[in-house]
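Here the structure comes first, spelled out in structure tokens, and everything after it is commentary.
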Amino acid sequence: MLEHQQPISIGAANALVWSYVSDMANWAAIMPGFRDYEVVSDADSRWTLKVGVGALVKTVHVLVHIDLWREPDRVEFSYRLEGEPVSGSGAYQATSPAPDATEVMLTVSIVGSGPMAPAWEAMARPILPRLANGFAQELKLRIESEHQAGSETAATEEIAPRDTFWRRVSLWLRRLLGRDRTLEGARARGAV
Amino acid sequence: MTDQSGDWDQEVDVISVGAGIGGLAAAITAAEASASALVLEASSQVGGVTAYSFGQVWIAANHHQLEAGIEDSAESGFRYIERLGMGFGEEKLNRAHSQAAPAALRFFEDKIGLQCRVIRDYSDYFWPDFADAKPEGRFLEVLPFPGASLGEWQERTRTSPYVPYGLTHEDIFGSGGIANLLNWDFSVMAERLEHDMRCLGPGLAAYFVKGAIDRNIPMLTNVRVTELVSNGERVIGVVAERDGKPFRARARKGVVLATSGIDGNADYERTLAKHLDVNSMIMPSVNGSHIRLAGRVGGRIATVPDVSMFGYTIPGEEQEGRPLWRNAMTDVGVPHVVVVNREGRRFGDESFYRSIAMAIDYIDGGHQTHPNFPFWAIMDSQAREKYPFGSLMPGQDFPQGFAVQADTLIELGAAAGIDGAQLAEEIERFNGFCETGKDPQFQRGEKPWSKYICGDPIQPNPNLGPLVKPPFYAVQLSRISNGGVSAAGLAYDADARVLGYDDRPIAGLYVAGNAAARLDAGAGVQSGMSNARGMTQGFLAGRHAAGAQAVSGQD
């Protein structure tokens, strides 16, 4: 078994971070090589990724199951690759050292099965840190961008009329398109 | 293009077009002779087809072989190639190569730190059948190369989608070879991959990339050369596309075409190599550009008899946005696998790829048909339990749509489009050969080379094993190009100068590696020759272009 731990320091409140990570589709979308995400059930999803293994690019389908969903700081999951003897598990653990800061520790393991398990794990060894790092960088970037956008929106609200027609349309569209991930959106969902 | 204007974006002495071993060897050699050099690469990475290969370098009478006490001579190597060539080669080119290759090897070991060793117990294709074949010594491989030493070029230097480049030949074949994947030491592979220690072809390519880096030779990627510039007397430069804009580079002493084969160009494959419907297994940027470039300045195209290879794609695998074609040459030579045509008949020695490949393109003149195309790999479940098939590991299910599966051979034939009754009869006969360990039809498993490359040493005949355990599988195979080793290329002289149709060299124009017609070897091929040709011809071209001492002694 291979295990990798990836720390992520995010310059945003844990509530905002949770509002982002509480949707599994957001996890899939920031995976390096993301192609598709399907909801299978409340706890299960199927991700399609294009993974680079050296010079080879391979499309893999990953079945992800949520084992634990503990708002607002911990997620545990397990996964397996369709058609490949590879599975694994992982955990997301968040802490809040300061009001506007969140420290996340992402743990991911890979287990090859069958007689070729050592081969799978050998090939995965250089890939796992790269994938985890790519995921971490993107997670940080997206949440901090939203945090900044949220702050700017809040600042604008100080001087803007509270509820114009266009503002209402904009909010409705954002909810419809599933992009209501601003601090305001989080507030609206009762996350903060 | 005839052009005498001085409007150049860059000026150097020698330009290499292509960043595989041939182009890099030429640039490095020119630089060592105090000439300035520039490498232009059409793709986004350097290393070329060399990096896709197993990295074998076949050189008769190389100093490692002689130091190990393995007797050989350049003359013996010359005679062996002469025998393989079947009269299609040219004696003077074979002789020039035989003499220059050991010198080129020493040169690069001395100058760029190339580190090679003999691949022990690895015989020439035709040992012991041909008098000048050798049981070992002519094949070399590199010692692991630290990828991190490439600096900013680490990610821009190709690795291979095909070969397990975390392991050496010694590692692989010391553990029982490709057929014994289950016995490999994957902890070594994991360690090397984690620290980017490159072996096989990626390692060989990386040594030469490092050689260029250390000499501050500019390597420009994503630069597609579209035309050669001539002043009416000699080639003086190139026109290229760089970032969508024209780029003109002057070559005061020479341009070396090292763009690999004609793979990826179906028209050239059909009309020059006589290969139908071939799929390229290498990077799309290899497409016969040397033929177009040299053709406009009078370069002569030459061909030798050669094969298209055979392979398949695995669903979901790709390179540079295209399906990845895998070569089946070792997959079909392991026990419990045979290759049959639509009649359900075997047609060659599956453990020696050239036997199968030559037969695929055979035309039955009496019926104007290709009797051995289409064709299939047939195997039983023992093969799936024990051996890999491309990247599909032993014990791993075939992906949906990859193979036809059935519990009997007759049903398998019906499902795949093969004569099932004849298939069952053919397999019964083959299984009888397995009992005796002798294949009187095609002598499968009798070549030591075959045993080494795809044999399972635990079998009485390492390449024979019966197909008896259902379910049975049929994988339809396709023609693929030969990984840059093409039947057609540019004619050249002993100093790697491109020849015109008047047999005179075109001043300022050179060729190296797979872009050069295989006139030194004629109808013959031997694993490791392509890398050796690239290195040697690049060496010859670089020296001659730079005005250094001509190794061949010919003008």
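Structural remarks
- All told, B:G528 falls short of being more than 17 Å from B:E90 (Cβ to Cβ), surrounded by 24 or more Cβ atoms within 10 Å (Cβ to Cβ) and modelled with pLDDT of 95 or more.
- Annotation: A:P126 fulfils all but one of (1) surrounded by fewer than 21 Cβ atoms within 10 Å (Cβ to Cβ); (2) farther than 15 Å from A:V17 by Cβ; (3) away from chain B (no Cβ under 14 Å); the unmet one is (3).
- Total residues in region A:74-86, condition away from chain B (no Cβ under 14 Å) and either surrounded by fewer than 19 Cβ atoms within 10 Å (Cβ to Cβ) or aromatic (F, W, Y) (or both): 5
- Test for B:G365: is it within 30 Å of B:V304 (Cα to Cα) and in contact (Cβ under 8 Å) with a residue 60 or more places away in the chain: no
- Evaluation of A:G112 against (1) facing chain B (nearest Cβ under 9 Å); (2) buried (at least 20 other Cβ atoms within 10 Å of the Cβ) (one fails), failing number: (1)
- When B:R429, B:R345, B:R384 are checked against the criterion of being of a type in the set (K, R), modelled with pLDDT of 95 or more and under 30 Å from B:S486 (Cα atoms), B:R345 stands alone in meeting it.
- Contact map, region B:34-54: first residue within 12 Å of another protein chain (Cβ to nearest Cβ) and closer than 14 Å to B:L220 by Cα, second residue at pLDDT 95 or above and surrounded by fewer than 22 Cβ atoms within 10 Å (Cβ to Cβ), Cβ cut-off under 6 Å, separation 6 or more or different chains; pairs are B:S43/B:S285; B:S44/B:T221; B:S44/B:N222; B:Q45/B:R156.
- Within the span defined as region B:370-390, one or more residues are within 19 Å of the chain's Cα centre (by Cα) and either within 14 Å of another protein chain (Cβ to nearest Cβ) or over 30 Å from B:R504 (Cα atoms) (or both).
- Extreme residue, nearest to the other protein chains (Cβ to nearest Cβ), among residues of region B:169-193 that are part of a loop (DSSP other than H, G, I, E, B) and over 18 Å from A:P126 (Cβ atoms): B:S175
- Residues (in contact with a strand residue (DSSP E or B) (Cβ under 8 Å, 6 or more places away or on another chain), surrounded by fewer than 22 Cβ atoms within 10 Å (Cβ to Cβ) and not acidic (D, E)) located in region B:241-252: B:R242, B:P246, B:F247, B:R248, B:R250, B:R252
- Enumerated helices (runs of 4 or more DSSP H) restricted to region B:51-162, each holding at least 1 residues that are more than 30 Å from B:I314 (Cβ to Cβ) and of a type in the set (G, A, S): B:74-85, B:91-112
- The single condition among (1) touching a helix residue (DSSP H, G or I) at 6+ places or on another chain (Cβ under 8 Å); (2) part of a helix (DSSP H, G or I) that B:M358 does not meet is (1).
- Residues considered: B:G445, B:G437, B:G413. Of these, the only one that is within 32 Å of the chain's Cα centre (by Cα), buried (at least 18 other Cβ atoms within 10 Å of the Cβ), touching a residue at least 12 places away in the same chain (Cβ under 8 Å) and away from chain A (no Cβ under 14 Å) is B:G445.
- Failed criterion for B:Q405 (all others in (1) closer than 26 Å to A:S113 by Cβ; (2) part of a loop (DSSP other than H, G, I, E, B) hold): (2)
- Filtered residues of region A:87-98 (kept if touching a Ser or Thr at 6+ places or on another chain (Cβ under 6 Å), of a type in the set (A, V, I, L, M) and surrounded by fewer than 19 Cβ atoms within 10 Å (Cβ to Cβ)): A:A91
- Checking each residue in region B:497-512 for being outside any strand (DSSP E or B) and among the small types (G, A, S) picks out only B:A512.
- Scanning region A:134-145 for residues that are under 14 Å from the mean Cα position of the chain (by Cα) and more than 14 Å from every other protein chain (Cβ to nearest Cβ) yields A:F135, A:A136, A:Q137, A:E138, A:L139, A:K140, A:L141, A:R142, A:I143, A:E144.
- The number of residues in region B:295-316 being assigned to a loop (DSSP other than H, G, I, E, B) and not small (G, A, S) comes to 7.
- Taking region A:11-73 as the region of interest, the strands (runs of 3 or more DSSP E) fully inside it that hold 2 or more residues being within 14 Å of chain B (Cβ to nearest Cβ) and in contact with a helix residue (DSSP H, G or I) (Cβ under 8 Å, 6 or more places away or on another chain) are A:44-53.
- Residues in region A:82-120 that are under 25 Å from A:E138 (Cβ atoms) and part of a loop (DSSP other than H, G, I, E, B): A:E82, A:E84, A:P99, A:D100.
- Residues of region B:247-272 that are assigned to a loop (DSSP other than H, G, I, E, B) and closer than 19 Å to B:W325 by Cα: B:S260, B:G261, B:I262, B:D263, B:G264, B:N265.
- Test for B:A103: is it within 24 Å of B:V229 (Cβ to Cβ) and of a type outside the set (D, E): no
- Some residue of region B:111-129 being touching a Cys at 6+ places or on another chain (Cβ under 7 Å), buried (at least 22 other Cβ atoms within 10 Å of the Cβ) and modelled with pLDDT of 95 or more: no
- Within the option set B:G401, B:G465, B:G432, being more than 24 Å from the chain's Cα centre (by Cα), surrounded by fewer than 22 Cβ atoms within 10 Å (Cβ to Cβ) and either over 27 Å from B:H370 (Cα atoms) or of a type in the set (K, R) (or both) holds for one residue only, B:G432.
- Region B:478-493, subset part of a strand (DSSP E or B) and out of contact with any helix residue (DSSP H, G or I) (no Cβ under 6 Å at 6 or more places or on another chain), residue surrounded by the most Cβ atoms within 10 Å (Cβ to Cβ): B:Y492
- Residue among B:S285, B:S280 that alone is surrounded by fewer than 24 Cβ atoms within 10 Å (Cβ to Cβ) and within 30 Å of B:A35 (Cβ to Cβ): B:S285
- Every test in (1) closer than 22 Å to B:Q382 by Cβ; (2) under 21 Å from the mean Cα position of the chain (by Cα); (3) more than 14 Å from every other protein chain (Cβ to nearest Cβ) is passed by B:A302 save one, and that test is (1).
- B:E317 falls short on exactly one of the conditions (1) touching a strand residue (DSSP E or B) at 6+ places or on another chain (Cβ under 9 Å); (2) in contact (Cβ under 8 Å) with a residue 60 or more places away in the chain; (3) closer than 30 Å to B:E227 by Cα, and that condition is (3).
The values are calculated or read from the model by the stated rules, or taken from the named source; none is laboratory data. Here the structure is a predicted model, which means the values were calculated and not measured. Note that we place each Cβ from the backbone using ideal geometry, even for glycine, and neighbour counts take in every protein chain shown.
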